[in-house]
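Peer 1: Quick one: the structure is below, questions incoming.
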Amino acid sequence: MTRVLSCIQPTGPVHLGNYLGALRNWVSGQHECDAFHGIVDLHALTVTDRPGVVGENTLELAATLFAVGLDPEVATVFVQSHVPEHTQLGWIMECTVSYGELSRMTQFKDKAAKREADFVSAGLFTYPALQAADILLYDADDVPVGEDQRQHIEITRDIAERFNTRFGATFVVPKMVTPKAGAKVTDLQDPTSKMSKSSGGDAGIVYLHDDPSVIMKKFKRAVTDSDSEVHFDRAHKPGVSNLLEILAACTGRSPEEVAAGYQQYGPLKNDTGEAVVEVLRPIQERHRSLLEDRAELSRLLRRGAEKARVVASSTLARAYRNIGLLPLDV
Ligand code: AQP
């Protein structure tokens, strides 16, 4: 059975890009694959300096993951800091990746530039190594993610191959899987940038828990393009193409098919907003009721961590053995 691993950071409320690019595929894949999904709270520390925030976001995110349809009886849903093998293998990954490779990561350059005079942690620079550990610990064949993760999956593959060459076959070399529509949902106000939890303004980001009226308003105000023709062309018509792709993803069609039904931007914005509201309605209802029982959420995460550790500890032991670290009992 194909093993699948993919994670999400508790850096803020989940948005439509996370849902269409990743979460929806996690849910649809859970019955055909052996699925592991982590809330990677240690990654959130790269950009966090206030106490308590990450823990609260983690519980909230767990409720969202179960609300979108991850079944704790089927998929293994866990919190990264509950599985210490992540940081243990993370160090080994740091020793397997080069400074030059990390320097070429565009996300580091973008994020460091955005933080300008703010503190730029060393973790922001090295986190692709921890992310490689997140993936390789689970012997994952497939990693279902959005397009923004391409460079990170590439570096994970390079690290796995380098380690296997140095120390013998140890890690499965994973491959990236992206959805047909929704792999790169962009900001409604800035359609050349990806919709992101940690970006500044709210107006261009559709959160999973936004009220229907707020969602409609955000779509009605979405930035389109200077001419008034509706067709799908990411490079020259990023605003309209983003709407077409969102509507396509919500209705199971291709963006080109969707475009054929519209002559004007107004009806396209309206229909896209309505389709999103309908997709999110049941998720919002489940999320509200799940958050009422924090003890149950915590119990589900404990079970997830126990299941995750069975796999993670065996992979870490294999890596230690193949490197030839001195065992406790010789
Ligand atoms: N805009 C997007 N379109 C499609 N997929 C997306 N993903 C993220 N944004 C989009 C996918 O969601 C999963 C979780 O990624 P994340 O936790 O890194 O989400 P984020 O919104 O990107 O959060 P941050 O904190 O703002 O992270 P950075 O700083 O990395 O952008 C992934 O599978 C991702 O591909």
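The values are calculated or read from the model by the stated rules, or taken from the named source; none is laboratory data. Predicted model, so just to flag it, every value in this text is computed and none were measured. Glycine gets a Cβ as well: all are built from the backbone with ideal geometry, and neighbour counts include every protein chain shown. Keep in mind that these areas ignore ligands, DNA and RNA; they rest on the heavy atoms of the full protein, side chains included. Shrake-Rupley method; radii C 1.70, N 1.55, O 1.52, S 1.80 Å.
Peer 1: Could you sort 223-230, 8-15 so that the peptide with the highest average Cβ count within 10 Å comes first and the rest follow in order?
Peer 2: Order by mean packing, descending: 8-15, 223-230.
Peer 1: Tell me, what ³J(HN,Hα) does each residue in region 17-30 have, in order and in whole Hz, if you take phi through Karplus 6.51 cos²θ - 1.76 cosθ + 1.60 with θ = phi - 60° and put x for Gly and Pro?
Peer 2: Result, ordered by residue: x, 4, 5, 6, x, 9, 4, 4, 6, 4, 5, 5, x, 5 Hz.
Peer 1: So which of 114/175; 194/269; 197/218 end up more than 27 Å apart by C-alpha?
Peer 2: Over 27 Å Cα-Cα: 114/175.
Peer 1: So, one more: Give the accessible surface of the chain per residue, rounded to a whole number of Å², with probe radius 1.4 Å and ligands, DNA and RNA excluded.
Peer 2: 46
Peer 1: Given axes a ≥ b ≥ c from the Cα gyration tensor, I'd like to know whether region 197-289 is rounded (a/c under 1.5), prolate (a/b larger than b/c) or oblate.
Peer 2: prolate
Peer 1: Give the relative contact order (percent, whole number) for region 34-117; include only Cα pairs under 8 Å separated by 6+ residues.
Peer 2: It comes to 37 percent, rounded to a whole number.
Peer 1: Using per-residue counts of other Cβ atoms within 10 Å, averaged over each peptide, order 110-117, 30-37 from highest down.
Peer 2: Descending packing order for the listed peptides: 30-37, 110-117.
Peer 1: Taking amide H positions as placed 1.01 Å from N in the peptide plane, with prolines and chain starts having none, which residues 5 or more places from residue 139, or on another chain, fall under 5 Å of its amide H?
Peer 2: For residue 139, the qualifying residues are 172.
Peer 1: Compute the distance from the alpha-carbon center of region 238-305 to that of region 127-153, in whole Å.
Peer 2: 24
Peer 1: Can you work out the FRET efficiency for the pair residue 169 and residue 110, with r the C-beta to C-beta distance and R0 = 41 Å, to the nearest 0.05?
Peer 2: Rounded to the nearest 0.05, the efficiency is 0.70.
Peer 1: Now a separate question. For Cα pairs less than 8 Å apart in space and 6+ apart in sequence, what is the mean separation divided by the residue count of the chain, i.e. the relative contact order in percent?
Peer 2: Rounded, it is 23 percent for the chain.
Peer 1: I've got another one for you. How would 180, 175 line up by accessible area, probe 1.4 Å, largest first?
Peer 2: Ranking 180, 175 by accessible area, largest first, yields 180, 175.
Peer 1: Same structure, new question: Reachable aspartates and glutamates from residue 111, Cα under 14 Å, same-chain residues fewer than 8 places away excluded?
Peer 2: Residue 111 reaches 148.
Peer 1: Would you pull out the residues with amide H under 5 Å of residue 7's amide H, same chain only if 5 or more places away, H placed 1.01 Å from N?
Peer 2: The answer is 38.
Peer 1: As a test question: what accessible area, to the nearest 10 Å², does residue 216 have when a 1.4 Å probe is rolled over all protein chains in place?
Peer 2: 30
Peer 1: If you don't mind, another one. ³J(HN,Hα) across region 70-83 via Karplus (A = 6.51, B = -1.76, C = 1.60, θ = phi - 60°), whole Hz, x for Gly/Pro?
Peer 2: 5, 9, x, 7, 10, 8, 8, 10, 9, 9, 3, 6, 7, 10
Peer 1: Amide H neighbours of residue 177 under 5 Å, at least 5 residues apart or on other chains, H built in the peptide plane: list them.
Peer 2: Result for residue 177 returns 143, 145.
Peer 1: Provide the per-residue ³J(HN,Hα) series for region 324-330, in order, calculated from phi with Karplus coefficients 6.51, -1.76, 1.60 and θ = phi - 60°, each as a whole number of Hz, with x at glycine and proline positions.
Peer 2: Working through the residues one at a time gives x, 5, 5, x, 4, 10, 8 Hz.
Peer 1: Summarise the accessible area of the chain (1.4 Å probe, protein heavy atoms) by the percent that is carbon and sulfur.
Peer 2: For the chain, the apolar C and S fraction of the accessible surface comes to 52 percent.
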